[in-house]
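All remarks here apply to the structure that follows.
Bear in mind that the values in this text are calculations on the coordinates, not laboratory data. Predicted model only: the values in this text are computed from it and were never measured. Backbone-built Cβ (ideal geometry, glycine too); neighbour counts: all protein chains shown.
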Amino acid sequence: MCVGAARGWMSCPRTAGRAGLTLRLAGGAGTATFQVMCQDTAWGEALAIVGSTESLNTWSKPVAMSGDKYPLWEVQVPLTEGDIEYKYVKVDPEGSIVCWEAFEANRKVCVSPLMARTGIVVQDGHFS
């Protein structure tokens, strides 16, 4: 069960022990906005996310993230109830993976029915 809903912020015990992860209910019903900080990209590189759900291409192809708020990278994707495992990657201009984040385990967010209905913002701290 996720805690802190009365304040609009949530901390989920099943987030793979990832420090810096914060969840908050958002106004975008049925969407998840993933955010991560990274200023360590080479010219032409960008950040992307890939993961276990269809909206994250079931580990097959990275989903591009916007760097419009650099060094904050973000992307909004459709959200479904259940566990989402994912990783951030650096990609070249063609979208090919340059490197995976060094964090050994997958990042993980458990999405409750309430979260799936209201939408969430996942603030993941820094790309590692």
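For a straight C-alpha distance cut-off of 15 angstrom, the aspartates and glutamates reachable from Lys87 (same-chain residues fewer than eight places away being disregarded) are Glu54, Glu74, Glu101, Glu104, Asp124. Label point 7 Å out from Glu54 along Cα-to-Cβ: which residues of the range 76-101 have amide N under 19 Å? Within reach of a label on Glu54: 76-86. Taking all Cα pairs closer than 8 Å and separated by 6 or more residues, the relative contact order of the range 29-128 comes to 38 percent.
Net length available on complete extension from Leu72 to Glu94 is 5.8 nm, with 0.36 nm assigned per residue and the Cα-Cα distance removed.
The alpha carbons of the range 46-128 stretch over 36, 25, 21 Å along the principal axes, in descending order.
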